[in-house]
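Q: I'd like to ask you about the structure that follows.
The values are calculated or read from the model by the stated rules, or taken from the named source; none is laboratory data. A quick note: this is a predicted structure, and the numbers were derived from the prediction, not measured. We place every Cβ from the backbone using ideal geometry, glycine too, and count neighbours over all the protein chains shown. Only protein heavy atoms, including side chains, enter the accessible area calculation; ligands, DNA and RNA are left aside. Shrake-Rupley method; radii C 1.70, N 1.55, O 1.52, S 1.80 Å.
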Amino acid sequence: MKINLVMIVKDEERCLGRCLKAAGPLVDEIVIADTGSSDRTVEIAGEMGATVVHFTWINDFSAARNFALEHSDADWNLVLDADEILRPCSRKEIEKILRGRQGTWLGGLTRYDAYRDEEGISHGMSVLPRLLPRGIRYRGLIHEQPEGYHPCYSLPLCADHDGYLYEDKGERNLPYLRRAVEQYPEDGYYQFQLAFTLRNLKRLDESLTYFRNFYRLAVDARQAGATGSKEAYLSEGVVLYLYTLLDLGASEYLDEAGEVIDQEMDSLDDWSDFCFVCGLFYMKRVLSDVVRYVELLPNIERCYLRCLQLGDRPQMGGVVGTGSFKAAYNLGAWYEVSGQPELAVKYYRMAAKDGYEPARERLRGLKQ
């Protein structure tokens, strides 16, 4: 069995060497399509033993991916970006899984994304189809996905992604996403990606239009029984849609968030990220009018306890900590403000045990 690493790159001298070194033990050959680097990217790739081919950029990420894949003769192709660093894994174990499952399927890689927020650096996690059998190609101008409707099964493959700490590609991606939405207005996946990008650029009002479009189309697809890789983004999109409504904060947005939560509760109550944002919603809803919404108070505690019951599940994606230290911290804060100091200390300690610094600060404050 032959496994190749297949990549597209441009100006990746910061991280390419680390990426290739980490993936080296898993793969037989490295195929890199350079799309016009002006730094040492091509030189570094050559030094690491890669076969480098050159692709003239035509504003189409799938075309570049497929060009690179055409130059690989492997049975399976591992697709990485240069800012993704593969964690150590067993080639023997991967091969055993690949040989043991029949039919055409895609291998899922669990990616841990580091990003900056108000707490410093947090981490998101998602399972992406990145180990592809021979013959699978990509489609889509941007945020490209493997063609066809093949199942994706998680493999013991994990990678750390640090690109969001060094580069914000939002402005670069906007023209591609707008073009994709114009060309495929009924594709909820592109609506989601445009909404997500605008949200990251702090353009919340503008993003909301596309979150609403995404949600309408995704719900329609779900009701029609659609399956496939793009529909898997429904859960993530719902949660980000809710966060956007909560960030905007006005009463009408909280009303809208409540309607979405009611509609999705049965579908997403087994995912800690959804339960976590529900806890935030109930808190904001009560604070918006305590007399009117006081009966919702128990839901705050219920949501965060549910998060801890579910735990962090990398295979389901989401933000690291919504099923552990972040939920425990919010429970501690809830018990503190509701006059239950012993329970507050219990859950702050739980969060602090996972190294969550805000919990340690609250424990110090309570001691004082």
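Q: So which residues in segment 182-201 are surrounded by fewer than 18 Cβ atoms within 10 Å (Cβ to Cβ), in a helix (DSSP H, G or I) and over 16 Å from the mean Cα position of the chain (by Cα)?
A: Glu182, Gln183
Q: Give the residue that is surrounded by the most Cβ atoms within 10 Å (Cβ to Cβ), with candidates limited to residues of segment 103-127 that are of a type in the set (A, V, I, L, M, F, W, C) and modelled with pLDDT of 95 or more.
A: Checking each candidate, the answer is Leu109.
Q: If you don't mind, another one. With the structure loaded, tell me whether Leu305 is open to solvent by 60 Å² or more (accessible area, probe 1.4 Å), in contact (Cβ under 8 Å) with a residue 12 or more places away in the chain, under 26 Å from Gly249 (Cβ atoms) and not charged (D, E, K, R) or whether it fails that test.
A: yes
Q: Also, I was wondering about something else. Quick check on Leu204: is it among the hydrophobic types (A, V, I, L, M, F, W, C), in contact with a Lys or Arg (Cβ under 9 Å, 6 or more places away or on another chain) and open to solvent by 10 Å² or more (accessible area, probe 1.4 Å)?
A: Criteria not met by Leu204.
Q: So which of Leu268, Leu246, Leu217, Leu194 ends up being in contact with a Lys or Arg (Cβ under 9 Å, 6 or more places away or on another chain), of a type in the set (A, V, I, L, M, F, W, C) and over 21 Å from Glu118 (Cα atoms)?
A: On inspection, the qualifying residue turns out to be Leu194.
Q: If only one of Asp81, Asp75 is acidic (Asp, Glu), closer than 20 Å to Gly140 by Cβ and either touching a residue at least 40 places away in the same chain (Cβ under 8 Å) or open to solvent by 20 Å² or more (accessible area, probe 1.4 Å) (or both), which one is it?
A: Asp81
Q: Got at least one residue in segment 238-254 being free of Cβ contacts under 8 Å to residues at least 40 places away in the same chain and on the phi > 0 side of the Ramachandran plot?
A: Scanning segment 238-254, I find at least one residue that is free of Cβ contacts under 8 Å to residues at least 40 places away in the same chain and on the phi > 0 side of the Ramachandran plot, so the answer is yes.
Q: Considering each residue of segment 61-72, count those that are without any contact (Cβ under 8 Å) to a residue 60 or more places away in the chain and touching a helix residue (DSSP H, G or I) at 6+ places or on another chain (Cβ under 9 Å), and give that number.
A: Here the count works out to 0.
Q: Would you confirm whether any residue within segment 102-112 is β-branched (Val, Ile, Thr), out of contact with any helix residue (DSSP H, G or I) (no Cβ under 7 Å at 6 or more places or on another chain) and farther than 18 Å from Glu29 by Cβ?
A: yes
Per-residue answers, yes or no, for (1) basic (Lys, Arg); (2) in contact (Cβ under 8 Å) with a residue 12 or more places away in the chain; (3) closer than 30 Å to Lys202 by Cα:
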residue	(1), (2), (3)
Ile85	no, yes, yes
Arg111	yes, yes, yes
Leu131	no, yes, no
Ile136	no, yes, no
Gly140	no, yes, yes
Pro146	no, yes, yes
Leu155	no, yes, no
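Q: Right, Glu295: among the charged types (D, E, K, R) and either open to solvent by 30 Å² or more (accessible area, probe 1.4 Å) or part of a loop (DSSP other than H, G, I, E, B) (or both) or not?
A: Considered against the rule, which asks whether it is among the charged types (D, E, K, R) and either open to solvent by 30 Å² or more (accessible area, probe 1.4 Å) or part of a loop (DSSP other than H, G, I, E, B) (or both), Glu295 comes out as yes.
Q: Among (1) open to solvent by 40 Å² or more (accessible area, probe 1.4 Å); (2) in contact with a Cys (Cβ under 8 Å, 6 or more places away or on another chain), there is one condition Leu310 misses while meeting the rest; what is its number?
A: (1)
Q: Hey, does segment 129-137 have a residue that's assigned to a strand (DSSP E or B), at negative phi, open to solvent by less than 30 Å² (accessible area, probe 1.4 Å) and modelled with pLDDT under 95?
A: No: zero hits.
Q: Just for segment 15-69: of the residues that are polar (S, T, N, Q) and more than 26 Å from the chain's Cα centre (by Cα), which one is least open to solvent (accessible area, probe 1.4 Å)?
A: Thr41
Q: Just give me the residues in segment 296-313 being more than 21 Å from Glu119 (Cα to Cα) and not charged (D, E, K, R), in sequence order.
A: Leu296, Leu297, Pro298, Asn299, Ile300, Cys303, Leu305, Gln309, Leu310
Q: For segment 271-287, what are the residues that are at pLDDT 95 or above and open to solvent by 60 Å² or more (accessible area, probe 1.4 Å)?
A: Residues satisfying the conditions are Met283, Lys284.
Q: For the subset of segment 322-333 comprising residues that are touching a residue at least 40 places away in the same chain (Cβ under 8 Å) and either in contact with a Gly (Cβ under 9 Å, 6 or more places away or on another chain) or of a type outside the set (D, E, K, R) (or both), which member is farthest from Ser126 (Cα to Cα)?
A: For segment 322-333, the residue satisfying everything is Asn330.
Q: Suppose we filter Leu165, Leu245 for residues that are at pLDDT below 90 and either crowded, with 19+ Cβ neighbours inside 10 Å or part of a helix (DSSP H, G or I) (or both); which single one remains?
A: Residue meeting the stated conditions: Leu165.
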